[in-house]
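> Below you will find the structure I want to go over with you.
The values are calculated or read from the model by the stated rules, or taken from the named source; none is laboratory data. Computed from a predicted structure; not experimentally measured. All Cβ positions, glycine included, derive from the backbone under ideal geometry; neighbour counts span all protein chains shown.
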Amino acid sequence: MILSVILIGVCSFAATLATYILAAHLGVFAGQQRVMQKGAKLEALVRVQGAAVLNRRSERSLTKAFPRTLGVYEVMRPDGTPLYGSETHRLYDSAQSVARNLNIENVQPVRGMIGGTVTRLTPVLGASGALVGAVYYAFSFHPFGGNTDFFRVSLVIVMLMTPFFFIGLFTYLFSRRLSRKVNGPVQALMRAIQKIQARDLDFVVEEKSDNELGDLLEAFEKMRQDLKEALLRQWALEEERRELLAAISHDVRTPLTMIRGHAELLDEMDELPSTAARYAETILRNVDRVTHLMSDFHTVAELERGQFAIRPRLVALREFLGAKVVEYQTWAAAADVIRVDLSYGDVPGGVNAVDESELLSRGGTGLIMMDPDRFAQILDNLIANALRFTPRHGQIHLSVEQREDGLSVRVQDSGRGFMAGDESKVFRKFYQSDPSRTEGEHHRGLGLYIVKTLVEACGGTIAARNAPTGGAIVEFFLPVSPSSGP
């Protein structure tokens, strides 16, 4: 860039200087031609008038033919004595000197300038052809001398505008050259950036350049290679972790089942000491926790590896929700929560509160196409998460609204809600906003992550927020297709 600016300045200066020199020579040539025409006119007038030129009454006609703006003239006797003219001092000291210079054009260049001075001595002949006098005239030729005012003004304007013209011209030319030189590498860089944004690292930046952009492209290509290697290593480690997690969650199930079976047998023995019975209960309780954890790990592994399928089928939504609410009421009673209630609406914009018995009585209507197993898995995780953070004698509200384009579901509890700023983080894997809130719950932050993954796999969206009246709200939307049942 700096080199281009320097080149623009140098080229503009050189072109301007060349233009000035050319204009100066053009001005000299034009002025010289005009003055020489006037000189020829003066000589013609002298030849026509002859000896009458020596009479001072001819001064007016001579001055008109050769005005002072062009140069000077002087009429003299044969011995050099001046008679009249715009120049009146003696130029030649003798008749011999006058005779030697007749009809001779002398050109004297001006030192340090373009142009010079031209002098000429024209003889005045009498009727008999004898020399009766002479007319001397001199004119200077330079860029501004001998030319019309219009020519001089035009020349000044051209000289003033020339630097700006050449600066603009060379700026345009160098800009185009720079653009052609830069456009290729920049376009290659933009294509590479777009590929990386699309998570495509299987390409090579082949564009080359011998300037700073070339160095940038080489550095970018090196970064791409390093990034690809790092991501491949990370993906390999992630895949190994997923496989290990899936293997552990699968292999641990068998020993857990055996431990649970033996603990249940011990717990059912009548003659078992009270201490051993407490141990058996502790074993069963912890086996349940580990089993649930392994189940979550297994689900996460399936989701991340894409080893699960969405199998939609016709579902009687009212009957399905009624059965789930009955199940959730049992969960709520075990958690000492007052109840889990439900609002259901199948009219856009309207929500009708009904209880589970009424929902069950309406079975067989309101068929929709969906995967009931995945929908149940989503609801189970949301209700379980809500029960975990709902205080004793609290309440959980499940709202389902059937729209033309899908289901809008909201789960709201009466707990403390999410911590400020955590609404967008609660769906991260293993995320726990406040360890003190989950102390003793053996919670690993997988429930909402599983929910989000399932909802998005079904083509839906999910969000979390705090209710204005307190408590947490998790709401999601699932696109489903309504269908008329029998």
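> Of everything in segment 64-78 that's buried (at least 16 other Cβ atoms within 10 Å of the Cβ) and in a loop (DSSP other than H, G, I, E, B), which residue is modelled with the lowest pLDDT?
We begin by selecting, within segment 64-78, every residue buried (at least 16 other Cβ atoms within 10 Å of the Cβ); these are 65-66, 70-78.
Now restrict to residues that are in a loop (DSSP other than H, G, I, E, B): 66, 70, 77-78.
Details: Phe66: 74, Leu70: 71, Arg77: 90, Pro78: 90.
Checked segment 64-78; the qualifying residue modelled with the lowest pLDDT is Leu70.
> While we're on this one: Tell me, which residue of segment 384-412 that is within 45 Å of the chain's Cα centre (by Cα) and among the β-branched types (Val, Ile, Thr) is nearest to Ser343 (Cα to Cα)?
Top of the filtered list is Val400.
> Grab the strands (runs of 3 or more DSSP E) fully contained in segment 365-471, keeping just those with 3 or more residues being at pLDDT 90 or above and touching an Asp or Glu at 6+ places or on another chain (Cβ under 8 Å).
Result: 395-402, 407-413, 461-466.
> Of all residues in segment 63-113, which are over 19 Å from Arg47 (Cα atoms) and basic (Lys, Arg)?
Listed by number, the residues that qualify are Arg68, Arg90, Arg100, Arg111.
> Can you confirm whether Glu475 is surrounded by fewer than 18 Cβ atoms within 10 Å (Cβ to Cβ), closer than 30 Å to Leu314 by Cβ and modelled with pLDDT of 90 or more?
yes
> Among the residues of segment 52-73 satisfying the criterion of being of a type in the set (Val, Ile, Thr) and under 17 Å from Val124 (Cα atoms), which is nearest to the chain's Cα centre (by Cα)?
Thr63
> On to the next question. For segment 172-186, enumerate the residues that are under 30 Å from Ala23 (Cβ atoms) and loosely packed, with under 15 Cβ neighbours inside 10 Å.
Across segment 172-186, the qualifying residues are Tyr172, Leu173, Ser175, Arg176, Arg177.
> Also, I was wondering about something else. Tell me, please, whether a residue that is part of a helix (DSSP H, G or I) and within 13 Å of Gly133 (Cα to Cα) can be found in segment 101-112.
Yes; the residues of segment 101-112 include at least one that is part of a helix (DSSP H, G or I) and within 13 Å of Gly133 (Cα to Cα).
The rows are residues; the columns are (1) buried (at least 16 other Cβ atoms within 10 Å of the Cβ); (2) within 14 Å of Trp331 (Cα to Cα).
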residue: Asn381; (1), (2): yes, yes
residue: Ala386; (1), (2): yes, yes
residue: Phe389; (1), (2): yes, yes
residue: Arg392; (1), (2): no, yes
residue: Glu404; (1), (2): no, no
residue: Gln412; (1), (2): yes, no
residue: Phe418; (1), (2): yes, no
residue: Glu423; (1), (2): yes, no
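> Determine which member of the set Leu232, Leu237, Leu227 is in contact (Cβ under 8 Å) with a residue 12 or more places away in the chain and under 43 Å from the mean Cα position of the chain (by Cα).
Leu227
> Right, here's the next one. Which residues, taken from segment 325-350, are loosely packed, with under 14 Cβ neighbours inside 10 Å and modelled with pLDDT under 65?
Residues satisfying the conditions are Val347, Pro348, Gly349, Gly350.
> Could you list all residues from segment 377-412 that are touching a residue at least 60 places away in the same chain (Cβ under 8 Å) and acidic (Asp, Glu)?
Hits for segment 377-412 are Glu404, Asp405.
> Of the conditions (1) at pLDDT 85 or above; (2) assigned to a strand (DSSP E or B); (3) not aliphatic (A, V, I, L, M), Arg90 clears all except one; give me its number.
All conditions are met except number (2).
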